[in-house]
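Enquirer: One structure, as structure tokens, below. Some questions next.
Read-outs: derived from the displayed coordinates by stated rules, not from any lab. As the structure is a prediction and not an experimental result, all values here were calculated from the model. Cβ coordinates were reconstructed from backbone atoms using ideal geometry, including for glycine residues, and neighbour counts include every protein chain displayed.
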Amino acid sequence: MAKFCYKFKYFIFIFIFFSQFIFTDNSKNIGKNINAKNCVIKNRAEKSIAKKINKTSSIEINIPGDISGDISGDMGSVENKIQESILGQLGEVFVDNLTYDFDLSFNKKELLYLLGFSTGDKINSKRLLYAVNSLIKKNRFEKIVITIDLVSTSFEDKKNHVNINFSFVGCWIFSKVKVSGVWVGKADYGRYYTMEPGDAFNLESHDHAINKLKNLLKTQGYFNSNVSSKINYDKKAKLVSVDIFLDRKSKFDIRDVSFFLNSASDKKIEKINKLEVKINKLFRDKLVKNQYSKVLIEREAGQLKKYLATKGFFQVDIELIESINYVENKVDLKFVLTLYSKKEFAFYGNNFFSSKNLLDKVLIYGKSAWLVPGSILSSEIIKEYRDKGFWSVSIDVKEDSSGYLFNIKEGARACVCCVELVGVSNFDSKFLIKKCFSNFLGVKYFEQEFLDKSLDDIINSYLSAGFWDVKILKHDFEKQEPKTIIKSGLKEIGIVKEFNKFFGRDKSKDIQNFYKIIITIDEGEKSFLKDINIKKAVKNIEKTVVLSGSEDIASCIEEDALCKSFESILQSGPFKKFNSKYNIGSNSLIFDSNKVAFDVGILEEQKNWLLKYFKDKGNLYVEVGLNLERDGQNISITWEINPGKIVTFGRTIILSGKAVETDYVMRELLYKEGDIWDNNKIKASVSRLRSLGIFDSVHLYPYKASEKEDQKDLLLKLNPTDPYEIRARVGLERYGISKSNMLGQGFTYKLGGAFLLKNPFKKADQFMVDFDVSLLYRNASLSYIVPWVLDNRVKTTFKTYANRYEQPGFMSSKTSLYQAKQDGFLVGFNKIYKKLDFALNTGLEWLETSVKTGREDLAIKVARAINFDSCLLGKKIPYLWLEPIFLINTVDDKINPRSGSFTLFSLKGMLPTERKYIDSFFVKFMFEQSIFHAISPRLIGAVRFRCGHIFHKDFKDITPIERFYLGGAHSIRSYEKDMCPPWGIFCDNTKSFSDSVRLTESELKSVKKNKIGFVKSKVNKILSQDKDYTGVTKSGNCQNQWVIAPQGGRSTISANLELRFDVYKSMSGVVFQDMGTLFDDKFSRSNFSQATGVGARFNTAVGPIRFDVGYKWKIRNEFESKWAWFLAFGNAF
């Protein structure tokens, strides 16, 4: 039965097949028959191709050791290998499985980033080639083997699936060099090791660097030195570090020096012998007993050649013979000098120029000076004289085999006393003379240099006013009679210099050689702007390409966008200043009725702006051409722009001598692959990476910047710093200045340091332990800092701290009166925008103010003297606090600003966590504004204004450490630190302090009399207290035991003004005026403080060292000093 059913089904199938030909149209049957045949043929072809495709392809890539050169040839061979593989035959494939193996540790995320694809992605040969290109640029591998296995293929849906395996053989990379054996100059010696971290390690380069160090030590006098090195191989990471050990031993001394002269032409042996004796006398002592140094020897050899040139020997060969005694550490030097033809140069009659000056002028010809004819040498000397105003100078030259004799007649020196301009009709002559000739006329005698500068200024003045064809036809000098000069009063003919300034008050004196300069100018016609046009540059195209379809549409869209861009350009940048003077045409500024003078200077300005504009838009290879057309007085400017293709960011390839986490590096970059190129983003990215503090150096630059590419890869070269860092700080601080002791009571030490653990959790994080200690404070803190919170770049700081302040102290004391304690922990968030720096700090803090141990008897007196509630003494008050801070910094240089501003705003709220201290809550407001302006290249004006207020009911409940104080090196510089009024006063009947800090009888009388700088009600009460409070009776047993202490203020207003000026090289000076006041509820004029003073600055690479002296114009009380001085680091603000 089963067989019958099978046969029946087979019969039905045959019947249906033949019925297609019987019951259908023959043409259709024929077409279907052809299609069927084609399908059969196609299937057979596909099967044939499938048989030809290899199931496995292997691509082996050997990478050259140095990829800094051109690798295009190597990439060409790689491309051929990829095209010959499965990928090249199939076109696009799907990656079913991506595997990789290394012989070194490598970040997997970084590998996937460099490849640009992963499992499940569709790739083609072009994409694989780009991946290989990125891997080669990584400069981490010497061999890459790519194995591609064909898993399945389907010609119908074109889905081909492969497995890809990358096998990497890493190369040895240089990571760091460490120099030991010397205390000073490690970095200088390390620079001779030319390999940089991230470079492929090269043994030949290593040996070359070691030999250079050995030679260097010998040139420095360390002839017994030994240089050894140890190469450390990290097999896991394939990194190489080098330890260099320098054993310099003793430096050799120069024991003896001798000079021997040989003459190749001069037969006068006696003269040569005398010269030899003189040279030994002059130069021997400069070398003997000095430590050996090649620099010293070469310097003296140069001086010796100059000396011999003055004697007529311009051609000298010097041979140095060194005899080294390795036992005694001594070197004997023997100079053998071979002298050739001698020609002496003698000058007579010269007064203005010394013979040395004239000889230096001759020596510009070097060894050939003795071959130059005397007439040429004399013409050079005459030119020097004429440039200085000696117009009648004459030189008689006598030349023989022994040399030259110049007989000079200088004559009188010319003085140009006035200027006359001829041919000037479009300017005021007096205005031009004052503008262009002030420096020329401001010198006593004629100077050609100043005249050339004045003539250039005149031309530039005309060009900026539109006179394109201006010429100075000639300038003549007309001699002036002394009587004419005196009668004219000078000013009537446009003279800037004053007659009396140079020649005294005796105007009747017969002054000769005065001249007037007459300058003839051809102004030409004034040129005006007709229009400014911007258009796309047209290039010569040999072959015409016809675009069609979507390409044609895309081209039109691009052209339209470019035209719109041109229209916006004409309304911005340097074109914007013509806003009220033009009509906008088709990509043109048309100056119809409004005439605008043509200024040549606008061409450079506009071109630079256009280049920057298009480069900022991503047109990295923009070309800007200029076409000027002139029609009479009208000038047409046409800018021809060839923007080129927009360049986008490619991949960023990290080069480093150590393994770095890709995640925290890539997130600092402000651009992504495919973004339009922006140089500002590159600079900002570098700044962000450096701010992490975990790299010694950061360099980000395009790979082969000169090559024009639509997409540019970047190389990011990072040199990670050591994970551990120890910092130390040492200094001195002066304290205890008084009226009787301007030098102060002495100096206190300042010690500080920090220990940093960098990047412990591979998140660019840091642990830091910091401390500072002196007689006036003791601070310690532990911080943990991370640059990111989740996916936001918010610098977050977790910090615990313990601070002790011996402050604010009291007048003229060696030791402080009470101690402020500040313990707590905080969490700080810091977000930096382009110009705004925002921080938010919050935490828990314990504040305590207490009188120092052993002085408890003075506790109540001290509290009342500083206007502090005595009930709060010795109490540790817990506060929950919050402080937002806004900072805007636009200064051009943080160390020595010349322009810009600095703005700071903070608001700190302190809320006690215990109910019994609730009256101690307060809100503290602070504002600061600094402005810097360059008045001239050598003069800077600086102004700072500060104000602040504490919102609180009772001033006495505010802890002293949170109050405002004035005085010190960064405040009012005529007062010691924090010593500006208001003051308090208390009686030290316990004699806890030395007599130097107590008020004298006359000083106490002045306090009682005027009470300036004190709160009068408080002082009256204290001075009249009975024994229960003061410890003395009203009869005055407390006399000569009164001590002054500053109270601080609830509010403050202050201002600082400075004029900073350059003096000489690294030296600069400052004149300053400081002023400010502290007060409680009401403004008090008696508390107003000021300082006028001067200062000196020595500028260093890390900031200026400054010395300031401040003077009080008026002192309030006898115990005050009129002066205060400060030696500090950094500017006052």
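Enquirer: At a 10 Å Cβ-Cβ cut-off, how would you order Glu84, Glu928, fewest neighbours first? Could the numbers behind the result be given before it?
Expert: Numbers: Glu84 14, Glu928 17.
Ascending Cβ contact count within 10 Å gives the list Glu84, Glu928.
Enquirer: Out of all Cα-Cα pairs in the stretch 344-409, roughly what percent, to the nearest whole number, are more than 13 Å apart?
Expert: 61
Enquirer: May I ask which residue of Phe347, Leu358, Ile376 lies farthest towards the positive end of the charge dipole of the stretch 344-409, with charges of +1 (Lys, Arg) and -1 (Asp, Glu) on Cβ and the Cα centre as origin?
Expert: Leu358
Enquirer: Kirkwood hydrodynamic radius (Cα pairs, Å) of the stretch 173-247? Provide the component values of the computation, followed by the final result.
Expert: Working: mean 1/r = 0.0785 Å⁻¹.
Evaluated on the stretch 173-247, it is 12.7 Å.
Enquirer: Here is a further query. Going by how many other Cβ atoms sit within 10 Å of their own, how do Phe829, Phe868 line up, fewest first? Numbers along the way, then the final one.
Expert: On the way: Phe829 16, Phe868 23.
The fewest-first ordering by Cβ neighbours comes to Phe829, Phe868.
Enquirer: Quick one: putting +1 on the C-beta of Lys and Arg, -1 on the C-beta of Asp and Glu, what dipole do you get for the stretch 253-339 around its Cα centre, in Debye to the nearest 20? If you can, show how the numbers build up before the last one.
Expert: On the way: 17 positive and 13 negative charges, 90 e Å.
Once rounded to the nearest 20, the dipole reads 440 debye.
Enquirer: Something else now. List, in the order given, every pair from Lys126/Lys159; Lys471/Lys530; Lys530/Lys607; Lys535/Lys683 whose Cα-Cα distance in the structure shown is over 28 Å. Write down the numbers at each step before the final one.
Expert: Numbers: Lys126/Lys159 18 Å; Lys471/Lys530 23 Å; Lys530/Lys607 18 Å; Lys535/Lys683 31 Å.
Over 28 Å Cα-Cα: Lys535/Lys683.
Enquirer: Over all directions, the average projected area of the alpha-carbon convex hull for the stretch 55-170 comes to how many nm²?
Expert: Answer in nm², one decimal: 6.7.
Enquirer: Please report Arg1060, Arg299, Arg944 as a ranked list, fewest other C-beta atoms within 10 angstrom at the top and most at the bottom. Mind showing how you got there, number by number?
Expert: Details: Arg1060 24, Arg299 12, Arg944 19.
The order, fewest Cβ neighbours first, is Arg299, Arg944, Arg1060.
Enquirer: Under a crude label model (7 Å from the Cα following the beta-carbon direction), how far is Ser899 from Val827 in nanometres?
Expert: About 4.3 nm, to one decimal.
Enquirer: Just want to confirm a number: the relative contact order over the stretch 173-247, from Cα pairs under 8 angstrom separated by 6+ residues, in percent. Mind dumping the intermediate values first?
Expert: Details: 110 pairs, mean separation 30.8, N = 75.
Rounded, it is 41 percent for the stretch 173-247.
Enquirer: Along the charge dipole of the stretch 829-955, which of Cys947, Tyr917, Asn841 sits closest to the positive end, that is, farthest toward it, with unit charges on the beta carbon of Lys, Arg, Asp and Glu (+1, +1, -1, -1)?
Expert: Of Cys947, Tyr917, Asn841, it is Cys947.
Enquirer: Rg and Dmax of the stretch 232-390 over Cα atoms: what are they, in angstrom?
Expert: Using the Cα atoms of the stretch 232-390, the pair Rg, Dmax is 23.2, 81 Å.
Enquirer: Which pairs, out of Lys271/Lys342; Lys109/Lys672; Lys712/Lys835; Lys576/Lys645; Lys956/Lys1114; Lys430/Lys577, put more than 20 Å between their alpha-carbon atoms?
Expert: On the way: Lys271/Lys342 12 Å; Lys109/Lys672 16 Å; Lys712/Lys835 29 Å; Lys576/Lys645 27 Å; Lys956/Lys1114 30 Å; Lys430/Lys577 29 Å.
Checking Cα-Cα distances, Lys712/Lys835; Lys576/Lys645; Lys956/Lys1114; Lys430/Lys577 exceed 20 Å.
Enquirer: Pairs of Cα atoms under 8 Å, at least six residues apart: use those to get the relative contact order of the stretch 253-339, whole percent.
Expert: Working: 111 pairs, mean separation 40.7, N = 87.
About 47 percent, as a whole number.
Enquirer: Something else now. Note the full-extension length gain between Arg191 and Phe925 as 0.36 nm times their separation in residues minus their Cα-Cα distance, in nm to one decimal.
Expert: Contour length minus the Cα-Cα distance gives 259.2 nm.
Enquirer: If a/c stays under 1.5 just call it rounded; otherwise compare a/b with b/c (prolate if a/b is bigger, oblate if not). Do that for the stretch 253-339, with a ≥ b ≥ c from the square roots of the Cα gyration tensor eigenvalues. All intermediate terms of the calculation are to be shown ahead of the outcome.
Expert: Working: a/c = 2.24, a/b = 1.92, b/c = 1.17.
Note, shape of the stretch 253-339 comes out prolate.
Enquirer: Something else now. Mind putting a number on the dipole of the stretch 55-170 about its Cα centre? Charges go on the C-beta only, +1 for Lys and Arg and -1 for Asp and Glu, and I need it in Debye to the nearest 20. Please list the in-between numbers first.
Expert: Details: 13 positive and 16 negative charges, 55 e Å.
Here the size comes out at about 260 debye.
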